[in-house]
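Visitor: I have a structure I would like to understand better, so I am pasting it below and will then ask my questions one at a time.
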């Protein structure tokens, strides 16, 4: 049986205000809360005087204005983007125009991505804090939380795994962490021995892996990349509070995915089944309206399990296919 996931929660945030998270680390949260973005997009400012901004956030004038006010009198040296979902990268354009800072990222939005994937897999049996209701504000409407791809994003500087971005008093090692999306980059803040994990690891919830661009095998390998890096003392996800005990969390997330595979095999042991039928069993304690996003991760599992021969289907693994044991 998989270990319980040690989720961490954040009771409330104040939108548009600067919160001191650690020495040399500030955060401003965008007012885009919801079932899949939790309290909203947390944009980080690293350093003093000459700073870096990580995950600038959605195309929201109030959020951009709050960020610019926070760094007034300072020089923005770099804008770092973890990936190209529209709650992470679009504000980079307004920030770059206002500050003349270069934007760093893995590259444009992947062609294979459907752009429809919500950010988290809701309602696992570990009793995480989701689903989170909205605030009644239009910005927390469900139509705005299922973020699509930022098709306009083009970084000024393309980064790959192992690259280092440096500034006065801070430096970031780039960690290619595909899975949730193929262009996902996490950034290890070397001076603080912590990682800005974007959506790859979120302390408040599991992460959805949406095919065709989302890839479960890549995601599992990316989890192991962080799990096998014993020097990290913190994770700073883009959604939710800091994770101060990273290794129990990443190992539990890895075990959780193994448990999902075990559940799939258990479902198929009684005979052929569709994803809809498996999700109905695997997510029996979850509201039915949340089964569709959960089914995307199940499909990602089945694609990987079909590739390695543990599961078979009559053709290509798709959301409508019938699956069985070989």
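Visitor: Looking only at segment 224-248, count how many residues are over 21 Å from residue 87 (Cα atoms) and surrounded by fewer than 22 Cβ atoms within 10 Å (Cβ to Cβ). If you could, list the steps in order and put the result at the bottom.
Guide: Going through segment 224-248, the residues over 21 Å from residue 87 (Cα atoms) turn out to be 224-234, 244-248.
Applying the additional criterion that residues be surrounded by fewer than 22 Cβ atoms within 10 Å (Cβ to Cβ) yields 224-225, 227-234, 244-245, 247-248.
Result for segment 224-248: 14.
Visitor: Across segment 198-245, what is the total count of residues that are modelled with pLDDT of 95 or more, under 22 Å from residue 14 (Cα atoms) and not in a loop (DSSP other than H, G, I, E, B)?
Guide: Within segment 198-245, residues that are modelled with pLDDT of 95 or more, under 22 Å from residue 14 (Cα atoms) and not in a loop (DSSP other than H, G, I, E, B) number 6.
Visitor: Assuming residue 212 fulfils every condition listed in (1) closer than 23 Å to residue 110 by Cβ; (2) surrounded by fewer than 24 Cβ atoms within 10 Å (Cβ to Cβ); (3) touching a strand residue (DSSP E or B) at 6+ places or on another chain (Cβ under 9 Å) apart from one, which condition is it?
Guide: (3)
Visitor: Which one is nearest to residue 220 (Cα to Cα), of the residues in segment 281-314 that are within 25 Å of the chain's Cα centre (by Cα) and part of a loop (DSSP other than H, G, I, E, B)?
Guide: Of everything passing the filter in segment 281-314, 283 is nearest to residue 220 (Cα to Cα).
Visitor: Can you tell me which of 274, 281 is under 21 Å from residue 325 (Cβ atoms), touching a helix residue (DSSP H, G or I) at 6+ places or on another chain (Cβ under 9 Å) and surrounded by fewer than 20 Cβ atoms within 10 Å (Cβ to Cβ)? I'd like the intermediate steps shown before the answer.
Guide: Working: 274 fails: touching a helix residue (DSSP H, G or I) at 6+ places or on another chain (Cβ under 9 Å).
Only one candidate passes the filter, namely 281.
Visitor: Would you pick out the residues in segment 24-53 that are more than 15 Å from residue 241 (Cα to Cα) and out of contact with any helix residue (DSSP H, G or I) (no Cβ under 8 Å at 6 or more places or on another chain)?
Guide: Residues satisfying the conditions are 46, 47, 48, 49, 50, 51, 52.
Visitor: Still on this structure, please answer the following. Look at segment 17-37 and say how many of its residues are crowded, with 18+ Cβ neighbours inside 10 Å and over 21 Å from the mean Cα position of the chain (by Cα). Break it down into steps so the answer makes sense when it comes.
Guide: Kept after step one, since they are crowded, with 18+ Cβ neighbours inside 10 Å, are these residues of segment 17-37: 25-37.
Then keep just the ones that are over 21 Å from the mean Cα position of the chain (by Cα); that gives none.
So the answer is 0.
Visitor: Now a separate question. Test residue 125 against the stated conditions and say whether it is within 20 Å of residue 233 (Cβ to Cβ) and either surrounded by fewer than 15 Cβ atoms within 10 Å (Cβ to Cβ) or modelled with pLDDT under 95 (or both).
Guide: Numbers: within 20 Å of residue 233 (Cβ to Cβ): no; either surrounded by fewer than 15 Cβ atoms within 10 Å (Cβ to Cβ) or modelled with pLDDT under 95 (or both): yes.
For residue 125, the condition - within 20 Å of residue 233 (Cβ to Cβ) and either surrounded by fewer than 15 Cβ atoms within 10 Å (Cβ to Cβ) or modelled with pLDDT under 95 (or both) - is not met.
Visitor: Need the failing condition index for residue 278 against (1) more than 19 Å from the chain's Cα centre (by Cα); (2) part of a loop (DSSP other than H, G, I, E, B); (3) under 28 Å from residue 34 (Cα atoms), just the number.
Guide: Answer for residue 278: the failing condition is (2).
Visitor: Continuing with this model, one more query. Which residue out of 296, 310 is surrounded by 13 or more Cβ atoms within 10 Å (Cβ to Cβ), more than 25 Å from residue 34 (Cα to Cα) and in contact (Cβ under 8 Å) with a residue 12 or more places away in the chain? Even if it seems obvious, please write down each step before you answer.
Guide: Working: 296 fails: more than 25 Å from residue 34 (Cα to Cα).
Of the residues listed, the single one that is surrounded by 13 or more Cβ atoms within 10 Å (Cβ to Cβ), more than 25 Å from residue 34 (Cα to Cα) and in contact (Cβ under 8 Å) with a residue 12 or more places away in the chain is 310.
Visitor: Output yes when any residue across segment 246-253 is without any contact (Cβ under 8 Å) to a residue 24 or more places away in the chain and in a helix (DSSP H, G or I), and no when none is. Break it down into steps so the answer makes sense when it comes.
Guide: Start the filter on segment 246-253 by keeping residues that are without any contact (Cβ under 8 Å) to a residue 24 or more places away in the chain, which leaves 247.
Add one more test, that the residue is in a helix (DSSP H, G or I), and what stays is 247.
Yes, that holds for at least one residue.
Visitor: Going through 51, 46 one at a time, which residue ends up being modelled with pLDDT of 95 or more and under 21 Å from the mean Cα position of the chain (by Cα)?
Guide: Values: 51 fails: under 21 Å from the mean Cα position of the chain (by Cα).
Testing whether each residue is modelled with pLDDT of 95 or more and under 21 Å from the mean Cα position of the chain (by Cα) leaves just 46.
The values are calculated or read from the model by the stated rules, or taken from the named source; none is laboratory data. What you are looking at is a predicted structure, and each value in this text was computed from that prediction instead of being measured. Cβ atoms come from the backbone with ideal geometry, glycine included; neighbour counts cover every protein chain shown.
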